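Student: Sending over a structure as structure tokens; questions will come in a sec.
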Amino acid sequence: MKSRLAVWVMALLVLGLSACTALASSGQPELKMAPESALPDFARNAPPQVKEAYRFAAANPDVMKAIPCYCGCGAIGHTSNLDCYVKAIRPDGSVEFDNHASGCSTCVDITRDVMRLMREGKDLKTIRSYIDTTYSQYGPATKTEPVK
């Protein structure tokens, strides 16, 4: 009886490991995420979706610089969705965070769509087009450079 149980446990482990390998080698990009410990208190204590958006934005500034925001934050000087999360990236690589996105569902929704589309393997130009098409009805876009 013990040997039969051991065989079942081994079979489940092998199946589990092969499923993990298949997901990792599926060609879908793995999203980079900043550690939660790098976030300021207001982001660490935010709802999970907001916290996740902050972690993603901090770890992917080049992606987020290419994504406009449509919440109207261009009026306060934002030029991309990155600015909703990050005020500055210092020369030493440390991040000065902006609390704007912690209270703006449009900013967070845009970021979560970017994350989803990246997981689906979409390229940046396709992602940008989706964001423009989906969110342009909500307000003016920030003055983000076009994706080439």
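Student: In the range 110-142, which residue that is surrounded by 13 or more Cβ atoms within 10 Å (Cβ to Cβ) and acidic (Asp, Glu) is nearest to His100 (Cα to Cα)?
Tutor: Residue satisfying both the conditions and the ranking: Asp113.
Student: Could you list all residues from the range 36-65 that are under 18 Å from Ile131 (Cα atoms) and of a type in the set (D, E, K, R)?
Tutor: Those that are under 18 Å from Ile131 (Cα atoms) and of a type in the set (D, E, K, R): Asp62, Lys65.
Student: Also, I was wondering about something else. Consider Cys84 against the criteria (1) of a type outside the set (Asp, Glu); (2) within 14 Å of Val63 (Cα to Cα); (3) surrounded by fewer than 21 Cβ atoms within 10 Å (Cβ to Cβ): it satisfies all of them except one. Which criterion is unmet?
Tutor: (3)
Student: Could you pull out the residue among Ile67, Ile76, Ile89 that is at pLDDT 95 or above, under 25 Å from Glu145 (Cβ atoms) and surrounded by fewer than 18 Cβ atoms within 10 Å (Cβ to Cβ)?
Tutor: One residue alone meets the criteria, Ile76.
The values are calculated or read from the model by the stated rules, or taken from the named source; none is laboratory data. Just so it is clear, the model here is predicted, and its values are computed rather than measured. Please note: Cβ atoms are built from the backbone with ideal geometry, for glycine as well, and neighbour counts cover all protein chains shown.
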